[in-house]
1. Please give the number of the condition A:A688 fails out of (1) in contact (Cβ under 8 Å) with a residue 40 or more places away in the chain; (2) surrounded by fewer than 17 Cβ atoms within 10 Å (Cβ to Cβ); (3) among the small types (G, A, S).
2. Restricting attention to region A:382-434, report how many residues are without any contact (Cβ under 8 Å) to a residue 24 or more places away in the chain and of a type outside the set (A, V, I, L, M, F, W, C).
3. For region A:610-619, does any single residue satisfy the condition of being near RNA strand B (Cβ under 8 Å from one of its atoms) and closer than 29 Å to A:S468 by Cβ?
4. Given the structure, is A:K6 basic (K, R), touching a helix residue (DSSP H, G or I) at 6+ places or on another chain (Cβ under 8 Å), closer than 30 Å to A:P466 by Cα and surrounded by fewer than 23 Cβ atoms within 10 Å (Cβ to Cβ)?
5. How many residues does region A:781-794 contain that are out of contact with any Phe, Trp or Tyr (no Cβ under 7 Å at 6 or more places or on another chain) and either touching a residue at least 60 places away in the same chain (Cβ under 8 Å) or surrounded by fewer than 16 Cβ atoms within 10 Å (Cβ to Cβ) (or both)?
6. Restricting to region A:13-25, and then to whatever is within 16 Å of A:W696 (Cβ to Cβ) and not hydroxyl-bearing (S, T, Y), can you tell me which residue is nearest to RNA strand B (Cβ to nearest atom)?
7. Please determine, by comparing only the residues of region A:451-469 that are among the hydrophobic types (A, V, I, L, M, F, W, C) and over 12 Å from A:P44 (Cα atoms), which one is nearest to RNA strand B (Cβ to nearest atom).
8. Quick test of your reading of the structure: A:D352 fulfils all but one of (1) on the phi > 0 side of the Ramachandran plot; (2) away from RNA strand B (no atom under 16 Å from the Cβ). Name the failing condition by number.
Amino acid sequence: MQELAKAYEPQQVEDRLYADWLAKGYYEADASSSKEAYSIVIPPPNITGVLTMGHVLNNTIQDVLIRKARLEGKEALWLPGTDHAGLATQTAVEKYLRKNEQVTRHDLGREEFLRRVWAWQEKHGGIIIQQLKKLGCSCDWKRERFTLDTAYAEAVQQVFVDLFHKGYIYKGHRMVNWCPGSLTAISDEEVIPKAQKGHLFYMRYEVAEEPGRFLEIATTRPETLMGDTAIAVHPGDERYKDLLGKHVWRPFPKAQIPIVADEHIDPKFGTGVLKVTPAHDKADFEIGQRHKLPIIDVLTPHGKINCPEVPELHGLDRFEARKKSVEMLKELNQLVKEEPYENNVGFSERADVPIEPRLSEQWFLRYPKTEEALKVVREQLIKFYPSHWEKVYEHWLTNIQDWCISRQVWWGHRIPVWYKGTEIKCQVASPGEGWEQDPDTLDTWFSSWLWAYETMDDATRRKFYPTSVLVTGPDIIFLWVARMIIAGLEFLPSGEGATPEETLQKNIAFKDVYFTGLIRDGKGRKMSKSLGNSPDPLDLIAKYGADGLRFGLMRIAPQGQDIRFDEKQIEEGRNFCNKLWNACRFRAMQGAIDAKADPDKHALTPFAQHILQRLGETNEAVNIAFAKFEFSNAASGLYDFVWNDLCSRFLETAKADFNNPESPTRNGTLATFDFVLSRVLRLLHPYAPFITEELWLSLGFGTETIQFAEWPTLTKQSRSGAEKAEAIYSVVDHGRTLRGEFAIPSNQKLKFQLLAKDALSAAEIEVLALLLNAQEVEIVSVAPKNVPVAFTPIGELYLPLTGVIDPAAEKARLDKDLAKTLKDLELTNKKLNDTNMLAKAPAAKVEEWKSLQVELAAKHQRLLEQIKMLG
RNA sequence: GCGCGGUUAGCUCAGUGGUAGAGCACUACAUUGACACUGUAGGGGUCAACAGUUCAAACCUGUUACCGCGCACCA
């Protein structure tokens, strides 16, 4: 056996092991396997992206699940890939071209530009994949997919064609969310409302039929007033009833516009009068439809004013125009006042500029299978963790709006619609000479919603679809999760079942959805590129190792709660790895391990029995936690077991056996050690794949990799000696506390005396001495006088100090203990004297209180005696 | 406005009815035998507030406050 390094050095281990794992093809899933299938499709990261802490959390969870499935003997597939991210990538490449070649995409033309994007994708698209490998992700890289792979792209277009012919897709001239930054329409889900501090401007318009009478109107957007084609009031508003049917003068360009009545107006808001701009507001558009108002578009796609009749404003940016139009109103003496005002403005998620409601010709999808999508979640065919997301999902689905799927973007899936004159054809291939394809591409999410199955070939799909679990962030519950569910139910990748119920069951995209929390910085802010508050995971890996990062993060990532990131936590992850490493190193120093060690074939110390019992408890707790997707609970349980039960206790007691070749329990302790390590390494492997593999191989646990070793399923089981070990550990704790209270340096050898109620073996006394750093633990039958004492489950532990002790100080110490004991005793007495409580509390509880009372009373008595002895 | 989370030690968080927990940080002690990425001990909390249910509430119910998020509104 090779000597283990003094500290775990992840840099010496990770890359070497990962290369070996890939070379051996461990992660290539076999679609023809007879083993139970377990599958996950990765939420495909953008090709523009680099690894963030969010990715680390998300992908570590997936890796934990998939590695555990492998250990459980399942055929595991983790299918990786990337997303072409139409708009994001196009923007990134345009920025690159502008900077390096001073050209725009229009300079290059569509074909050449796309060639450049592909070249860029070749160079940058794989960065994040390499980073996932550094993290240890055990994806089936041979099955890596890209949303613009030829077959995938064709499937996306085919889906469009199918939905078109089924009547779900239509082209419409409608109000859409227009992004003036990236010059495309976007979907409702990509609009982020943000509170904006602005002004509410009160203007007055003269009534045409009654010169000298003015109407006050409040608006936040005076720059669009050239597009106003009416003024609206609530039909029941008494203030303005007589004005209905009359007109006001729009100040510029000067024109008469009608005053109409519409239910939409809130009489209590502002002045109760609304300027109606049908071309630039969704609600105004609807009012315009109801009253057959003309639509005047006064904005260009870039968000500049397009109104030659008002030359002062024409060509100005919309925000410049706002200031200018206010000035102009002032000059006309038509501005009454302006007040500070905060309202929500929709921002484009991608370009982070205010979106502009704009009338335009776009493609829309009326969602199919919404009822079924609701049903599969309501009836728990698909389970959400945490379950409260079900409500959010339901709310969205029941209020669902048609999806604007066309984008004025070049990089992506071209819409498979062809035009020739007034003729239209919807098909994937060109109908032939003279047909022009629609210039737009499809929303990126229109390709990702097929990800759960279109990434798979037929054989893979038969074996691995529906996937077992999806791990993702709740921020894309509508954008991706809900749409994937719908896609599965509409396109039936597994075909029809015998019953409608079975059809649903066979075609849901996944059975469980685990929503991760968001990682925030120390101040609770979202991590973002612009704030620069996100650490680079690769730096963290270099500093703490991939396992340290993974374990540290998983231990603090509670289910569904946001996580406040603190590098200290990653440091703890690394420290834990080192602790585990050194426990194994210590074991390796005692000689070869036995891969098939069976502790029950040997005589065992109480301490060995105790660790075995704790192992069972921990194993069971880990399995329960996993079943509930409580990753941090499982991680904390293992941390506690390794650090406290294994290292602080069992390992220390084992030294007594290891230091004594003649010890009759030596072999049992060795076997226990091997048995425990063999299992704890496997239990930890999903979290910390590298170190557990390295230790498994270095210690020689028999198989060529830990990754397919059997997942331990021990359960909680009482062991006869465990209780005694517990009691001895308690004696140790009390002894150490005594030492601390008398400020005796921890390296000073002491003599303790024990007035034991229970018999202790010589070996047990030896362990006691070892853990107490005692020169001797003497068993006495009479309580010594004037000696500091502690009350333990085994008996009274005395610390006879050389030299004179200060009776006053010792009395003070005992008084403190007495006060605490008395307080506890009174509390217990109170309970046991409460007849109501005794009558209604469960008998077992009452018994518990009774024995506690006896114990406390005895301690109380002994303390009083001790204090009396001190005089 | 509606909905969903959260509020427990200085910090990050566990804790689903029976005397408040962990790690970090802090203080003291310890430096050749697994580990300083360490060990040992210690201090530190009226569990956001109020009301209710209960023999018993950090935990269940209701109200309020504050923080975060989603949806709607957004003149």
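The values are calculated or read from the model by the stated rules, or taken from the named source; none is laboratory data. As the structure is a computational prediction, the values presented were derived from the model and not from experiment. For neighbour counting, all protein chains shown are included, and Cβ atoms are generated from backbone atoms with ideal geometry for every residue, glycine included.
1. The single condition A:A688 does not satisfy is (2).
2. 17
3. We begin by selecting, within region A:610-619, every residue near RNA strand B (Cβ under 8 Å from one of its atoms); these are none.
Checked against the condition, which is being near RNA strand B (Cβ under 8 Å from one of its atoms) and closer than 29 Å to A:S468 by Cβ, region A:610-619 yields no hits at all.
4. Values: basic (K, R): yes; touching a helix residue (DSSP H, G or I) at 6+ places or on another chain (Cβ under 8 Å): yes; closer than 30 Å to A:P466 by Cα: no; surrounded by fewer than 23 Cβ atoms within 10 Å (Cβ to Cβ): yes.
No: the conditions fail for A:K6.
5. The qualifying residues number 8.
6. Start the filter on region A:13-25 by keeping residues that are within 16 Å of A:W696 (Cβ to Cβ), which leaves A:13-14, A:16-18, A:20-21, A:24.
Now restrict to residues that are not hydroxyl-bearing (S, T, Y): A:13-14, A:16-17, A:20-21, A:24.
On the way: A:V13: 12, A:E14: 14, A:R16: 17, A:L17: 18, A:D20: 23, A:W21: 23, A:K24: 28 Å.
By that ranking, first place goes to A:V13.
7. If we take residues in region A:451-469 being among the hydrophobic types (A, V, I, L, M, F, W, C) and over 12 Å from A:P44 (Cα atoms), then A:V469 is nearest to RNA strand B (Cβ to nearest atom).
8. (2)
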